[in-house]
Structures are given as structure tokens and as C-alpha cells.
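Have a look at the structure below before the remarks.
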Amino acid sequence: MRPVTITKRRWPARPAALSAALLTVAFSVLGGGLPAQADAPTPTASAPTTTEAPKVDLILDVSGSMGTADIEGRSRISVAQQSIDEVIDALPPEAEFGIRTLGATYPVSDKTDGCKDTKVLYPVGRTDKVEAKTAVATLRPTGWTPIGLALQGAAQDLGTGQATRRVVLITDGEDDCAPPDPCDVARQLAAQGTHLVVDTLGLAHDDQVRQQLLCIANATGGTYTDVRTQQQLTQRVQQLVQKSDTSYRATPANVSGSDSCAGAPLLTPGVYADREKFSEHRYYRVSVKPGQELRASVSVTPDRAVARDYGVLLQASDASGQELVRGSDAGSGRTDVASTGVRWSASDSPSATATPTGGSTGSTGSTADASAGQIVCLTVSNSFAAQPGVQTDPGLPLELTVDVVKASPAPAGPALGLGRGWIMLLVLTGAGLVTGLLWGWIARWRISVWREN
């Protein structure tokens with residue numbers, strides 16, 4: 001009996017290759033195609049930035065009253081020193097930071113020299129942290145409070161330039177050496193257009209002190225904070241230093257919002273500063289042409305003690321009052337800032353879809369004017385309320401950023417996206433079924449051939 005010779009045949013296609021071929025055929029039959037790789041989005045050119053580094057000059061009151069121990073059982077000067085040490089440790093590497101004192105040299109008995117007593121403790125520049133902290137540690141409560149002179153000195157410390165520079169004033173009292181009156185000095189600095197912002201922090205809870213510090217801050221577009229704890233002082237100064245790092249490249253332009261859209265100022269792309277009263281609505285207008293996208297954001301700073309549970313709303317609407325899009329932010333408890341933003345694209349068609357960056361979804365817009373562009377009304381609202389005994393005037397600092405860019409491609413709508421998903425699923429299911437049946441038939445055919453041989 002002859003031995004049976006079994007000849008193994010080499011098959012031209014592996015299962016993986018066959019499956020791929022069948023998938024290709026299935027896509028061709030169904031009229032589909034393999035999904036193309038999306039083009040990478042073209043990065044937009046960023047606005048030119050200044051070569052100036054952010055500059056901050058901290059004015060520290062070292063007058064005799066700073067020895068009062070009424071902040072968590074510690075003296076005001078010791079609380080301020082600890083806060084400044086922590087701020088120095090957290091300074092951004094590119095920041096130019098300096099410290100100026102007032103009332104640190106001459107005793108209360110010497111008012112003539114004491115009212116001229118303001119000097120540079122650490123010059124504005126790149127900070128040697130050990131050296132700066134050592135200088136702060138040597139301070140002891142001594143003399144008078146010449147705030148007006150200190151502000152003039154700080155302006156000289158920071159110099160001139162196009163970038164915004166910040167002065168952070170920490171004090172527990174009002175100026176007792178005027179003239180010059182510190183409010184007048186602040187107004188003069190603002191009128192000179194030197195881009196100098198003064199933020200004030202009060203360690204004593206006195207109405208006269210609060211009024212003067214509010215006046216200084218308001219004149220320069222700064223903020224006032226009523227400090228109650230060491231942690232609050234540290235956090236607030238750190239926030240102001242960090243704000244100088246992020247905002248020094250663009251100096252906000254002062255603008256006054258209206259109480260209605262009809263009389264609202266027409267804004268071009270830029271950064272704007274305003275003040276909004278508690279629970280107020282302020283209106284601004286922006287022109288958006290077909291094919292353009294409006295991007296706007298707003299930040300409202302509670303620079304004094306506010307009640308719990310608050311919110312900020314930014315709403316875009318057309319000239320008829322029809323809402324296009326809204327964004328909102330809400331919170332409970334003390335915070336540095338409440339902010340939100342919106343995005344909305346104009347269209348040549350009678351309607352346009354609004355896409356918010358935060359908050360709820362907006363409704364459909366109205367027809368855009370193809371020549372002049374559609375006027376979009378921006379409404380800033382807040383639900384802040386002052387705590388009992390806190391002054392409500394002036395309003396809260398508001399910063400509004402407006403930009404108009406080329407509209408981004410709209411994402412696929414729900415129906416279209418869902419339809420494409422089902423088509424893909426059906427194609428894959430059909431291709432898998434065909435591949436399984438065909439491969440099973442081939443396997444059975446191979447076995448039958450093997451048995452015959």
C-alpha cells in the first residue's frame with residue numbers, strides 16, 4: 001500500500017490581509033470612504049507683546065500704629081512681614097519687584113522729618129529673595145504716615161513705559177502728613193498717562209481710612225481690600241503680583257458702560273476697565289461682520305467684603321434684544337474674582353448658531369448686516385451684595401476683554417454626526433459578517449481538499 005502523501009498548499013492571502021481587502025470592497029460598495037485625517041488647525045497669530053517685564057512696587061506702612069496687636073492676636077507689622085516673606089518666595093522669575101517704606105526711620109516725636117520719611121528698602125528689579133526678606137525683617141513700627149510722598153516715590157521707582165506697573169500699598173491709617181494729599185497724587189499720576197495702577201490694602205477698619213484708600217485706588221483703576229487675617233493679606237498680595245504678570249502686556253482702556261444698549265459705547269478689540277455697582281447691568285456694543293466670531297470675557301473683582309452666594313453674567317444679544325449667547329459664573333464665599341466668557345459667530349444666513357464658552361446654550365441670532373456688520377450688545381450683570389457696614393460706592397472693578405476673529409468652522413450638528421456614526425457602524429458590521437462567512441467557507445473548503453488528498 002502506497003503511503004499517502006499530503007501536500008500543503010500555500011494560500012495567497014492571510015486572514016488579516018483578506019479582511020482588509022473585504023473592508024475596502026465594502027466601503028467602495030456602500031459609497032463610503034476611509035475617514036480622512038482632519039487638517040491641523042492653523043494657529044492664530046498672537047498679539048505682539050512688550051519686552052518690558054512686569055513691575056511691582058510694594059509700599060509698606062511702618063508707622064507707630066503698625067505695632068497694634070489686633071490681627072489674630074499679632075501685631076499688624078508682624079502679620080505684614082510674614083505675608084511679604086511668603087509673597088517674595090512665590091514671585092515669578094521674570095517679575096521686577098521692589099519695596100518702599102513710609103514712617104520707618106523717624107519717631108513720632110519728630111514730625112518735621114517724619115513727614116518726609118519714605119525710602120527705598122529694596123529697589124525694583126530682579127529679586128534676591130534672601131536679601132529682600134532680610135531687609136523686611138529689620139523693620140520696626142516707628143513714625144508717621146506720609147502716603148502722598150510715598151506714592152510719588154513709588155512712581156519714580158517704577159519709571160515710565162508702555163506696560164502697566166502696579167503699586168501695592170499696605171497701611172493701617174490715613175495720611176497724617178498732607179500735603180500732598182494722597183488722593184490728589186493718585187489723580188495726578190493717572191492724568192499723566194503713566195499706566196500706573198495703585199491697589200490698596202487696609203489693616204485698620206476705620207471709615208476715614210477706607211474712604212482715603214478707596215479714593216486712591218479709584219483714581220488709578222486699582223482695587224481696595226479690607227484685610228482681616230494674615231492669610232487674606234498674603235493671598236491678596238500674591239494675587240495682585242500674579243495679575244501684574246498676566247496683564248502687564250495690555251493696559252486696559254477706561255470705558256463707561258451704559259444703562260441701555262442704545263447708548264452703549266461701541267468697542268473695538270481690546271481690554272477695557274470699568275466699574276459696576278452692586279446688582280447692576282452695564283451695556284457695551286461690538287460690531288461683528290459675517291464670517292467673524294466674537295469672543296468676549298469679563299472679570300468682576302469683589303474688592304471689599306461681600307455677602308455669600310453671588311454670580312456674574314455676560315450676555316450677548318442683537319439690537320432687538322434677542323439673546324444670542326450667555327456665560328455665567330457663580331460662587332459662595334470670599335473670592336478674588338468672578339469671571340466668564342462667550343463666543344458667537346455671525347453668518348450670512350438669516351440665523352446663526354451661538355456657542356458659549358461657559359454657562360447655558362444661547363438661542364438663535366438674527367440677520368447680520370453684510371456691509372456694516374451686526375451690532376451685538378454685551379450685557380454685564382452681577383448679583384454681588386455688600387456685607388453690612390461696607391460701602392457700596394464706588395462700584396466693583398470690572399475688566400472686559402473683546403476680540404473679533406475669523407469664525408471657526410462649526411462642528412457637525414447632532415443629526416449629521418449621529419448619521420455618520422450609524423453609517424460607520426453598519427459598514428463595519430456588514431464587513432465583519434461578510435468576512436466571517438467567507439473565511440468560514442474557505443476553511444471548510446481547505447478541510448475537504450485535505451481529506452480528498
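Every number here is computed from the coordinates shown, using simple stated rules; none is lab data. Predicted model, so just to flag it, every value in this text is computed and none were measured. All Cβ positions, even for glycine, are placed from backbone atoms using ideal geometry, and neighbour counts span all protein chains on display.
Here are the numbers for this structure:
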| read-out | value |
| --- | --- |
| Cα gyration tensor shape of segment 162-269, rounded if a/c is under 1.5, else prolate or oblate by comparing a/b with b/c | prolate |
| Charge dipole magnitude, Cβ of K and R +1, D and E -1 - segment 56-101, Cα centre, debye nearest 20 | 240 debye |
| Gyration tensor (alpha-carbon) shape descriptor, segment 55-247, a/c threshold 1.5 | rounded |
| Within straight-line cross-link reach of LYS406, lysines at Cα separation under 26 Å, skipping those fewer than 8 residues along the same chain | LYS289 |
| Residue order, fewest to most beta carbons within 10 Å, for MET66, MET424 | MET424, MET66 |
| In nm, spacing of pseudo-spin labels at LYS406 and ARG451 (7 Å Cα→C-beta vector) | 6.8 nm |
| Over 22 Å between alpha carbons, listed pairs LYS55/LYS129; LYS129/LYS243; LYS55/LYS111; LYS55/LYS243; LYS111/LYS133 | LYS55/LYS111; LYS111/LYS133 |
| All aspartates and glutamates inside 20 Å of LYS277 as judged from Cα atoms, apart from same-chain residues fewer than 8 positions distant | ASP199, ASP207, ASP226, ASP259, ASP303, ASP309, ASP329, ASP336, ASP393, GLU399 |
| Gain on full stretching of the segment that runs from ARG444 to LYS289 - 0.36 nm per residue minus C-alpha separation | 49.1 nm |
| Options GLY153, ALA69, ALA163, ranked by Cα towards positive dipole end of segment 55-247, top entry (Cβ charges) | ALA163 |
| Ranked HIS281, HIS195, criterion: other C-beta atoms within 10 Å, fewest first | HIS281, HIS195 |
| Neighbour-count ranking [beta-carbon atoms within 10 angstrom, fewest first] of THR101, THR134 | THR134, THR101 |
